[in-house]
Every structure is written in structure tokens, then in C-alpha cells.
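Undergrad: A single structure is presented below for examination.
Derivation of every value follows stated rules applied to the coordinates shown; laboratory data play no part. A quick note: this is a predicted structure, and the numbers were derived from the prediction, not measured. Heads up, the Cβs are rebuilt from the backbone with ideal geometry, glycines too, and the neighbour counts pull from every protein chain shown.
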Amino acid sequence: MKLLLKIEELSFFILAIIALIYLNVDWWFYLLLFIGPDISMLGYIINKKAGAITYNLFHHKTVAVIIFITGFFSGSWLLQIIGIILFGHSSMDRIFGYGLKYFQSFQHTHLGTIGNKKLEVTIEE
């Protein structure tokens, strides 16, 4: 099931790239697709809760879709691009296991814990 979800996220990421190609954007928009929304991690400078809120705001797919739809109906090319970038970046992050953050820490996400997992060995007598 985990592989199936990663394939789904990969298809969303590819869809975002195709949308950017269709809208004929400059090359630097693709760079934004890969790293732009990660500026939201600066919220962690304040504290864990602020970091989680800013990260989730920039990585929530519903926020991305709302921004895109707003741009579509208002005729704003820029809002459409921002929505596509946020959506595609969120899909890319989820392929690598980076989900929406809980307030406890950056490593605690809706997809599980990020990072090294300790091997627990139990000895039964």
C-alpha cells in the first residue's frame, strides 16, 4: 500500500510539471517547485508550533487547490502558478515521506516519524 501511495504522489508531481509546461513558465519556476515552499520551515526559528503551522500552510494540498482555483476564476496567472507549485512540491515531499507536521517536532508527521528509527530488540525468556 505504501508503494501505491508513493506512485499516486509521483503522478501528482508529474501532473504539476505538465501544468507548468502547459502554462509556459520560465525555468526558474521549476526551481521554485523543488525548493520554494520549504521557506516555510523558517517558522521553526520561532518555535515548534509556529514551525508546524507555517510548514503545513505551505504544504497542505487543499490550500494549494484553493489558491489555484482562485487564480483560475480570477484570471490570475500568478495565483495559478503558485497553486501548482505548492501542490507539486507537497506531492514531491510526500514521495520522500515528509508529511504535514504535528506540533511535537519536525519529525512527527501525519505519515509517521521521519529519520532514523531505533531498532528495538526484545529478549524473551
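Undergrad: Grab the DSSP H runs of the chain that are 4 residues or longer, score each as -39,500 (n - 2.57), total them, divide by all residues and round the 222 nm result to the nearest 500 deg cm²/dmol.
TA: Result for the chain: -19500 deg cm²/dmol, rounded to the nearest 500.
Undergrad: Please arrange His60, His89 by counting, for each residue, the other beta carbons lying within 10 Å of its beta carbon, fewest first.
TA: His60, His89
Undergrad: What FRET efficiency comes out for the pair Leu4/Ile46, r = Cβ-Cβ distance, R0 = 41 Å, nearest 0.05?
TA: That pair, Leu4 with Ile46, gives E of 0.65.
Undergrad: Find the relative contact order for region 37-95 and round it to a whole percent, using C-alpha pairs within less than 8 Å whose residues are 6+ positions apart.
TA: 28 percent
Undergrad: Read through the labelled values (i) 37; (ii) 45; (iii) 49 and report the label of the one computed as percent of Cα pairs over 21 Å apart from the structure.
TA: Computed from these coordinates, percent of Cα pairs over 21 Å apart corresponds to label (ii).
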